[in-house]
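> There's a structure below that I have some questions on.
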Amino acid sequence: LLSDQGDLGVTIFEEITALALQHDAINLGQGFPDTDGPQMFKDIAAAGVTGRLNQYAPGSGIFPLRKAIAQHQERFYGLDVDPESEVVVTTGATEAIAAAILAFVNVGDEVLSFEPFYDSYGAAIGLSGGVHKTVALNAPDFQPNITELRGAFNERTRMVVLNNPHNPTGTTFGKELLAEIVTLAKRHDCLIVSDEVYEHLTFGVDHIPIACLPGAWERTITISSVGKTFSFTGWKVGWATGPANLIAAVRTVKQFLSYSSGTAFQPAVAQTLGSEARFFTDFARDLGERSEVLAGGLEASGMRVYRPQGAYFIVADVAPLGFDNALDLARQMPETVGVAGIPLSVFCHEEGARRTRTLMRFAFCKKPELLIEASRRLSTLT
Ligand code: PMP
Ligand code: GLN
């Protein structure tokens, strides 16, 4: 039972953010930007509230938003998505992930993900009664070993949960690996749930949605949200796209998780998705520059840094500084040096936690001057 797992009571993000607030530390722990998205979208959301958008939205989302999501998939990836039957709006990507897993995973089914993995996957698989199997992503490049990946599939595998670009490592997965995953999913007749919340946040590489690969669409649910691309993490509007039969099942479960999602935000989110190309490229370039600022600062503090290709996190090894446990360090750092980070071990099962024991994740979706000050503070870590 999930309720028996004391350590699942409070997520690590809550715990570390609370410590950061308590000690007035720079919070490079929880992944949220310190600058809101564009004012014009806030104005649209505000107009929704002062206007008439204060009652339930349709369960699967207002049509203009579903249409904007479908158009976004066509515009960026050439995917032909029917807004009537192949899109569902959810309360953040988190709800889409939970609904997809609860819709298709039965007790005892195996669900495969890479490790480290975003924490909600483990929790949702636990709630479904499924068995979470993992394939390790190891430094320096955090790419899986293909033999290990092939060996992880068997007749009980029901679903693969993929996260590309990847939180927490910042790695991205290329066409060859994605094609291998599709081949394995077909061979073992399992579904793919692809969490692409960082789809627009890549640095020097193109994002490839797995749903675009031959043979993938009919077995893939693709998930994203407004939070990361548009810096509105608190709006909690996400979505899932995929073939009608899979989306219908996600909708059915969503009805009983939240029924529908924040009405007033939905027209604003529809507008964000239609932003001109410049918005997407400028934001990614800006974040790429911030990642360099923080990477340089972490290196100067003596850590070993693994530069990301996407998302907004950097993984750094604190072992060169003489620390052998990043979890303990993360709990002390807000007080001792005034900076918060998240230990990688919390994104892992037991064995993975041992392997990643000295690794720490730092978020760089913060103002450059804050990243510089955080680096200065971290240079006093010894
Ligand atoms: N997936 C990943 C990989 C994430 O990092 C996050 C955190 N934003 C989520 C899902 C949850 O997204 P949302 O806030 O839209 O629920
Ligand atoms: N996705 C964010 C992160 O990885 C946190 C979201 C949350 O607090 N659950 O930091």
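> From the list D34, D43, which residue is more than 16 Å from ligand 1 (Cβ to nearest atom) and either surrounded by fewer than 19 Cβ atoms within 10 Å (Cβ to Cβ) or of a type in the set (A, V, I, L, M, F, W, C) (or both)?
One residue alone meets the criteria, D43.
> While we're on this one: Taking the range 101-129, which residues are hydroxyl-bearing (S, T, Y) and assigned to a strand (DSSP E or B)?
S113
> So, one more: Output the qualifying pairs, or none if there are none: Cβ atoms under 8 angstrom, residues six or more apart or on different chains, first residue in the range 363-377 and in contact (Cβ under 8 Å) with a residue 12 or more places away in the chain, second residue among the hydroxyl-bearing types (S, T, Y) and surrounded by 22 or more Cβ atoms within 10 Å (Cβ to Cβ).
Final answer for the pair search is A363/Y312; F364/S291; F364/Y312; C365/Y312; S375/S301.
> Now for a separate question. Whether any residue in the range 194-205 is more than 17 Å from the chain's Cα centre (by Cα), more than 13 Å from ligand 1 (Cβ to nearest atom) and farther than 26 Å from E292 by Cβ is what I want to check.
No.
> Okay, next question. Given the residues T171, T183, T220, which is the only one that is surrounded by fewer than 19 Cβ atoms within 10 Å (Cβ to Cβ) and of a type in the set (V, I, T)?
T183
> Out of the range 254-268, which residues are under 21 Å from the mean Cα position of the chain (by Cα), surrounded by 20 or more Cβ atoms within 10 Å (Cβ to Cβ) and either part of a helix (DSSP H, G or I) or among the aromatic types (F, W, Y) (or both)?
Correct list: K254, F265, Q266.
> Next question, about the same structure. Can you confirm whether V193 is under 30 Å from R278 (Cα atoms), hydrophobic (A, V, I, L, M, F, W, C) and assigned to a loop (DSSP other than H, G, I, E, B)?
Criteria not met by V193.
> Answer with yes or no whether T134 is assigned to a loop (DSSP other than H, G, I, E, B) and either in contact (Cβ under 8 Å) with a residue 40 or more places away in the chain or of a type in the set (S, T, N, Q) (or both).
Criteria not met by T134.
> Filter the range 250-278 down to the residues that are among the aromatic types (F, W, Y) and free of Cβ contacts under 8 Å to residues at least 24 places away in the same chain and list them by number.
Matches in the range 250-278: F256 only.
> May I pose another question? Among the numbered conditions (1) under 22 Å from A136 (Cβ atoms); (2) part of a helix (DSSP H, G or I); (3) of a type outside the set (A, V, I, L, M), tell me where E218 comes up short.
(1)
Residues checked against (1) more than 25 Å from C365 (Cβ to Cβ); (2) assigned to a helix (DSSP H, G or I):
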{"site": "V182", "(1), (2)": "yes, yes"}
{"site": "D189", "(1), (2)": "yes, no"}
{"site": "D206", "(1), (2)": "no, no"}
{"site": "A249", "(1), (2)": "yes, yes"}
{"site": "Q271", "(1), (2)": "no, yes"}
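> Does at least one position in the range 45-63 carry a residue that is in the same structural domain as I314 (by TED's automatic domain parsing), at pLDDT 95 or above, more than 30 Å from G129 (Cβ to Cβ) and more than 16 Å from ligand 2 (Cβ to nearest atom)?
no
> Separate question: For the range 59-116, name all the residues that are of a type in the set (G, A, S) and in contact with a His (Cβ under 8 Å, 6 or more places away or on another chain).
S113
> Another question, then. Can you tell me which residue is farthest from N167 (Cα to Cα) among those in the range 296-310 that are in contact with a helix residue (DSSP H, G or I) (Cβ under 8 Å, 6 or more places away or on another chain), outside any loop (DSSP other than H, G, I, E, B) and touching a residue at least 24 places away in the same chain (Cβ under 8 Å)?
Top of the filtered list is A300.
> Among A103, A123, which is within 12 Å of ligand 2 (Cβ to nearest atom) and either surrounded by 21 or more Cβ atoms within 10 Å (Cβ to Cβ) or over 11 Å from V161 (Cα atoms) (or both)?
A123
> Pull up the range 56-100, narrow it to residues that are of a type in the set (G, A, S) and part of a loop (DSSP other than H, G, I, E, B), then point me to the one that is surrounded by the most Cβ atoms within 10 Å (Cβ to Cβ).
Ranking the qualifying residues of the range 56-100, first place goes to G61.
> Which residues, counting only those in the range 155-171, are more than 18 Å from S225 (Cα to Cα), touching a strand residue (DSSP E or B) at 6+ places or on another chain (Cβ under 7 Å) and assigned to a loop (DSSP other than H, G, I, E, B)?
Within the range 155-171, R156, T169, T171 meet the criteria.
> Just give me the residues in the range 77-123 being without any contact (Cβ under 8 Å) to a residue 40 or more places away in the chain and more than 14 Å from the chain's Cα centre (by Cα), in sequence order.
Hits for the range 77-123 are D80, P83, E84, V107.
> Further question: Picking from E110, E148, E155, which residue would you name as being among the acidic types (D, E) and touching a Lys or Arg at 6+ places or on another chain (Cβ under 7 Å)?
Result of the check over E110, E148, E155: E110.
> Go through the range 273-325 and count every residue that is more than 19 Å from T169 (Cβ to Cβ) and either of a type in the set (F, W, Y) or at pLDDT below 95 (or both).
Number satisfying all stated conditions: 4.
The values are calculated or read from the model by the stated rules, or taken from the named source; none is laboratory data. Here the structure is a predicted model, which means the values were calculated and not measured. Positions of Cβ are backbone-derived with ideal geometry, glycine not excepted, and every protein chain shown enters the neighbour counts.
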